[in-house]
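Structure, as structure tokens:
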């Protein structure tokens, strides 16, 4: 069987795209490895109509709604390779299964690289976060620590002052010149230059000089990259952004490879569930349009500016 579209990744953006395609009565195969980026979080916030809902419930309910459509096929697995061309792609999983599709949509998400601070990774998604719109409100305007990771941490510290009293823990991650320090101080951000030794308790930061700084929660600017090397091996152009590496796409979610689209965190920044859903819905509609007017794919791809 040849599917109209093979969606690689069944998290929020992939499911949002799939919904648009199913409602256009297209045959869609979703291949999902079951590793949602927010699987470490207890609750999802800032999602209209689902604010505060556990991520597992949010994702499971979305999948149940998709499964009501007869043209959906869902395979749990990991994609190993994609070969072929427009209207004749072959997608192979690590289990050795092969599937054919006319279009491919990459919605495989990203991997977060955290600063190398003892105790940070164990608290990721629980008391250590990256998105203030997703997790800032629940900290109750308490003390917030920013674990320095890159120059993006400066912007993160300034932004978070609307959610609490902020301390930027530089931790040797960046050089703060006079202008940067003055800007942070104007926003009321305290600056801590002593290196971090470890994180304990809920969100207690133990400094190298032995001091213990207690916070309601911690934020850090992770460096993201596409989950797996699939996009790169397919020849999709990648780009470095302030958030990390992502797949280059144009306004219609097209990658540099004709017939291959991408959406969600792997293709757009900044990142949140709401933005992933919106981007996925748009990508699904654009993939559908490419099926209706297949003769425009190559020329549109060439004119898109994506390389």
Qualifying residue in segment 238-248 (condition: assigned by TED's automatic domain parsing to the domain that holds residue 285, within 18 Å of residue 7 (Cβ to Cβ), assigned to a loop (DSSP other than H, G, I, E, B) and at pLDDT below 95): no
Any hit, segment 72-94, residues being out of contact with any helix residue (DSSP H, G or I) (no Cβ under 9 Å at 6 or more places or on another chain), assigned to a loop (DSSP other than H, G, I, E, B) and without any contact (Cβ under 8 Å) to a residue 12 or more places away in the chain: no
Condition broken by residue 271, with the remaining ones in (1) under 30 Å from residue 88 (Cβ atoms); (2) touching a residue at least 60 places away in the same chain (Cβ under 8 Å); (3) assigned to a loop (DSSP other than H, G, I, E, B) satisfied: (1)
Qualifying positions in segment 44-70 - in a loop (DSSP other than H, G, I, E, B) and touching a residue at least 60 places away in the same chain (Cβ under 8 Å): 45, 46, 47, 48
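Residues checked against (1) assigned to a helix (DSSP H, G or I); (2) at pLDDT 95 or above; (3) surrounded by fewer than 17 Cβ atoms within 10 Å (Cβ to Cβ):
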residue: 133; (1), (2), (3): yes, no, yes
residue: 155; (1), (2), (3): yes, no, yes
residue: 161; (1), (2), (3): yes, yes, yes
residue: 166; (1), (2), (3): no, yes, no
residue: 171; (1), (2), (3): no, yes, no
residue: 202; (1), (2), (3): no, yes, yes
Number of the exception - residue 175 against (1) surrounded by fewer than 18 Cβ atoms within 10 Å (Cβ to Cβ); (2) in contact with a helix residue (DSSP H, G or I) (Cβ under 8 Å, 6 or more places away or on another chain); (3) closer than 23 Å to residue 243 by Cβ: (2)
Filtered residue count, segment 249-285, keeping only those that are more than 20 Å from residue 23 (Cα to Cα) and either touching a strand residue (DSSP E or B) at 6+ places or on another chain (Cβ under 8 Å) or outside the structural domain of residue 16 (by TED's automatic domain parsing) (or both): 13
Filter pass, residue 67 being assigned by TED's automatic domain parsing to the domain that holds residue 286, more than 23 Å from residue 285 (Cα to Cα) and either surrounded by fewer than 19 Cβ atoms within 10 Å (Cβ to Cβ) or at pLDDT 95 or above (or both): no
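Looking only at segment 3-40, how many residues end up being within 17 Å of the chain's Cα centre (by Cα) and either crowded, with 19+ Cβ neighbours inside 10 Å or under 19 Å from residue 281 (Cβ atoms) (or both)? Give the derivation first.
Keep residues of segment 3-40 that are within 17 Å of the chain's Cα centre (by Cα), which gives 7-17, 32-40.
Right, trim to either crowded, with 19+ Cβ neighbours inside 10 Å or under 19 Å from residue 281 (Cβ atoms) (or both) and you get 7-17, 32-33, 36-38.
Number of matching residues: 16.
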Unmet requirement for residue 206, which otherwise passes all of (1) touching a residue at least 24 places away in the same chain (Cβ under 8 Å); (2) assigned to a strand (DSSP E or B); (3) under 23 Å from residue 167 (Cβ atoms): (1)
Flag for residue 140 being surrounded by fewer than 22 Cβ atoms within 10 Å (Cβ to Cβ), assigned by TED's automatic domain parsing to the domain that holds residue 204 and more than 25 Å from residue 34 (Cα to Cα): yes
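The values are calculated or read from the model by the stated rules, or taken from the named source; none is laboratory data. Note that the coordinates shown come from a computational prediction; the quantities given were computed from them, not determined experimentally. No Cβ is skipped: glycine too gets one built from the backbone with ideal geometry, and neighbour counts run over all protein chains shown.
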